[in-house]
1. Counting only residues 5 or more places away or on other chains, whose amide H sits under 5 Å from the amide H of V131 once H atoms are built in the peptide plane?
2. Over the chain, with the other protein chains present, what is the accessible area per residue in square angstrom, probe 1.4 angstrom?
3. Any number yet on Rg/Rh for region 1-107, C-alpha, Kirkwood?
4. Taking the chain as a Gaussian network, Cα atoms linked when under 10 Å apart, which of G23, G130, G117 shows the biggest mean-square fluctuation?
5. Would you mind computing, in nm to one decimal, how far apart the modelled labels at I177 and V66 are, each placed 7 Å from Cα along Cα→Cβ?
6. Net charge near I171: determine it from the other residues with C-beta under 12 Å of the C-beta of I171, scoring Lys and Arg +1 and Asp and Glu -1.
7. Which residue, D108, D15, D45, has the most motion in a Gaussian network model of the chain that connects Cα atoms within less than 10 Å?
8. Quote to one decimal, in nm, the extra length available between L197 and K164 on full extension: 0.36 nm per residue of separation minus the C-alpha distance between them.
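The values are calculated or read from the model by the stated rules, or taken from the named source; none is laboratory data. This one's a predicted model, so the numbers in the text were calculated from it and none came from an experiment. With ideal geometry, Cβ positions are generated from the backbone for all residues, glycine too; neighbour counts draw on all protein chains shown. Please note that ligands, DNA and RNA were not included when accessible areas were found on the heavy atoms of the full protein model with its side chains. Shrake-Rupley method; radii C 1.70, N 1.55, O 1.52, S 1.80 Å.
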Amino acid sequence: MMRPRVTLCFAQTLDGRVAAIDGSSQWISGSESLRFCHSLRANSDAIMVGIGTVLRDNPRLTTRLVEGPDPLRVIVDTHLRTPLNAAVIRDGAARGTVLACTTAATADRRAAFQACGATILTLPEAAGGGVDLAALLTALGERGIATVMVEGGSRIITSLLRAKLVDAVAITIAPLILGSGPTAIGDLGIPTLSQALKFANPTWTPYGVDVVLEGKLVYENV
């Protein structure tokens, strides 16, 4: 079974920050690039975020800014800490939501989400802890998911890049400078510039005051 095609999509400041030091992140990008992001959602089979994003932002993960279907929502949540009143669960949204956990999640929590209509995927634990993302992508592929858009957070994005599981990026760069705050990508174990990840035929497209970088990742010696 082929794994789904994975595209990273996130917004950052000119100096690479995805939030301020106080945690505020809505909205780094402008309205035009937000609509672009929602158009990517509408053209993806699934959208994936981690539990940190759910707890911090309580996103709806819908295509409300454009016409088109809502993608399947995939929440990577090792211990099933997603609140039962989260936007991705309440008001019938659970029926379009998959929660990916490990055996660390209790049976009671699994049952509670299943009662709401959510799908629970209990997956192996990764070597460094948390859900094994390669196993998750395989499970999604087995369910007919061909394209996955990943919006965060940093742990998921970094893990996917380290495992060479990312196919493309669509990164919004806003004309803002924070000087401090979290970044989307952590340590990839790249010691020198010559080993930096590269893109095939990248494009830069203005959306209002923002610029969106799109490109396919090239993994050498894979």
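1. T78, A126
2. On the way: 11030 Å² over 222 residues.
On a per-residue basis, the chain sits at 50 Å².
3. Numbers: Rg = 14.6 Å, Rh = 15.1 Å.
Checking Rg against Rh, the ratio lands at 0.97.
4. G23
5. Placing both labels 7 Å along Cα→Cβ, they lie 3.2 nm apart.
6. On the way: positive: none; negative: E151, D210, E214.
Net of charged neighbours comes to -3.
7. Between D108, D15, D45, it is D108 that shows the largest mean-square fluctuation.
8. Numbers: separation 33, 0.36 × 33 = 11.88 nm, distance 0.99 nm.
That works out to 10.9 nm of additional length.
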